[in-house]
Amino acid sequence: MLLVEGEVGGKKYREPFSKGILAKSLERSDVEPNKAYEIAEEIEQSMSKEGTDIIPVSTLIRMVRLRLEKENPLQAKKYVLWKEIRRSKDPLIILLGGASGIGTSSISFELASRLGIKNMLSTDMIREVMRKMVSKELCPTLFESSYTAEDALKTPAPPEFDKTLLGFKDHVETVNVGLTGVIERSIKEGISIVIEGVHIVPGFIDEELLDRPNVYMFVLALSDEEIHKGRFYSRCRQLWARRPLKRYLKNFTSIRKTHDYIVGTAEKHHVPVIENIDIATTIDDIIEYIIDEKQKERELENL
């Protein structure tokens, strides 16, 4: 049996070579599925002819890179960068923002799985913890949903301000105290994590944190309001979700206001906005962006 030998966290490991796993990693580097499997099979046959029993993962990566360079040097670069992201000792912190119902929870789960990140957190969980620590009298908007926070505003909104957005911004600003603490801790402890939720809004999180290596922020969007509304019907169909459909539909106009506000701030702060129509496409877009940024970093280092 052919074994692949590598090292994670200073500990060496060996695992059986798998054409399927290799082909999947190639697909993530933008290689067509049939071509990916063909390359994986070629490499397996090459190692069998040489009588190899154990191959270091670095050697395997080099073999794949050399094979890809024959047909598409750009794909070879993407593959190497993808492997570097997966094997990096530095923490990878991904922030996914988006209005309620936009799909940040589903995308965060799939993205974490794809990148091999074991830690995930919802900003709703941060909010729940904060609710146990802060009184309702002190932070009333914290005890409302993001799209109904206006109902808890202590001071009436001036006529020239949108009450929904005023409440939403107060709500987001409060939760960001806890969110900032989680990001800082993840950086300090070297913990890779995907954090998702409506409270991840560009402009509210310290720019110094976002400028740190391996910290990436994305905003998910749905331009089509009917598709967005349909997501609530889908999620409320699941018994485990127990989402109050009537409440969402009643406040859908407010939810769309927060959606447009989040997207607008993302564009203002040059944060990538991704149309979340299809999970697979959204995941691919996020990973491609990270790979491209890694490539830019490498090019700057080589100047």
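The table for this structure:
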{"read-out": "Among the candidates PHE109, PHE161, residue that is closer than 26 Å to VAL271 by Cβ, at pLDDT below 95, out of contact with any Asp or Glu (no Cβ under 7 Å at 6 or more places or on another chain) and surrounded by 14 or more Cβ atoms within 10 Å (Cβ to Cβ)", "value": "PHE109"}
{"read-out": "Single residue of region 70-97 satisfying the filter (more than 30 Å from ILE200 (Cβ to Cβ) and exposed (fewer than 15 other Cβ atoms within 10 Å of the Cβ)) that is nearest to the chain's Cα centre (by Cα)", "value": "LEU74"}
{"read-out": "Failed criterion for GLU226 (all others in (1) surrounded by 17 or more Cβ atoms within 10 Å (Cβ to Cβ); (2) assigned to a helix (DSSP H, G or I); (3) of a type in the set (Asp, Glu) hold)", "value": "(1)"}
{"read-out": "Listing of strands (runs of 3 or more DSSP E) fully contained in region 1-106 that carry 2 or more residues being closer than 26 Å to LEU210 by Cβ and charged (D, E, K, R)", "value": "none"}
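Conditions tested, residue by residue: (1) under 24 Å from LEU142 (Cα atoms); (2) of a type in the set (Ser, Thr, Tyr); (3) within 14 Å of the chain's Cα centre (by Cα).
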site	(1), (2), (3)
GLY190	no, no, no
LEU209	yes, no, no
TYR216	no, yes, yes
ARG231	no, no, no
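The values are calculated or read from the model by the stated rules, or taken from the named source; none is laboratory data. These figures come from a predicted structure and were not determined experimentally. All Cβ positions, even for glycine, are placed from backbone atoms using ideal geometry, and neighbour counts span all protein chains on display.
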